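Enquirer: Handing you a structure now.
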Ligand code: SF4
Ligand code: SF4
């Protein structure tokens, strides 16, 4: 048991990975609690998630992280392909052939890790034109958090924003105080 950094955000990736590994069972129990037992409507839960997301995101600078741009291939839809192709002065067909591929799940994603558009200081070189998946990640602002909570558990050990929002939700809605987080 530890009582560290209560109410302080954790942004160290090694620490986040360690906590997530140790708390995996607890995280799944909390996910089941959210999904099946929490006595709040989807709208009420989404409002709480938004509030916690705003609080956490205002304190975490993605430019000091950039992990998603280094380690995840962003999905692209036809609209993204048209926009990026125009930006690169290519036809959509050529952009699709030369700059994207299907991943293991059959989703079309941009080629290249780290992302070819990742610039210095973790800045996105095509910020205004970036794919929708990049704008939406880590999907905490989408509606119906309850039905998407399964993907949150898999992201808890990856994205510092998700980790801290999830932790805040456990402290707020779960049945244990935050200081019971395990080493
Ligand atoms: S969204 Fe998450 S993983 Fe991506 S840069 Fe921000 S904190 Fe890091
Ligand atoms: S397009 Fe920009 S935001 Fe998206 S992964 Fe690449 S660098 Fe990151």
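Enquirer: Are any residues in the range 148-174 without any contact (Cβ under 8 Å) to a residue 12 or more places away in the chain and out of contact with any helix residue (DSSP H, G or I) (no Cβ under 7 Å at 6 or more places or on another chain), and if so, which ones?
Expert: Residues satisfying the conditions are 148, 154.
Enquirer: Separate question: For the range 102-126, which residues satisfy the criterion of being within 13 Å of ligand 1 (Cβ to nearest atom) and either surrounded by 11 or more Cβ atoms within 10 Å (Cβ to Cβ) or within 19 Å of the chain's Cα centre (by Cα) (or both)?
Expert: 114, 115, 118, 122, 123, 124
Enquirer: Taking the condition within 16 Å of ligand 1 (Cβ to nearest atom), free of Cβ contacts under 8 Å to residues at least 60 places away in the same chain and either in contact with a strand residue (DSSP E or B) (Cβ under 8 Å, 6 or more places away or on another chain) or over 19 Å from residue 136 (Cα atoms) (or both), does residue 75 pass?
Expert: In short, yes.
Enquirer: Separate question: Going by the structure shown, is residue 81 within 16 Å of ligand 1 (Cβ to nearest atom) and at pLDDT 95 or above?
Expert: Judged against the criteria, residue 81 is not a match.
Enquirer: Just checking: which of the helices (runs of 4 or more DSSP H) contained wholly in the range 32-131 hold 1 or more residues that are within 27 Å of residue 167 (Cα to Cα) and out of contact with any helix residue (DSSP H, G or I) (no Cβ under 8 Å at 6 or more places or on another chain)?
Expert: 42-57, 67-71
The values are calculated or read from the model by the stated rules, or taken from the named source; none is laboratory data. For clarity, every value in this text was computed on a predicted model and none was experimentally measured. Ideal geometry is used to build each Cβ from the backbone, glycine not excepted, and the neighbour counts take in all protein chains shown.
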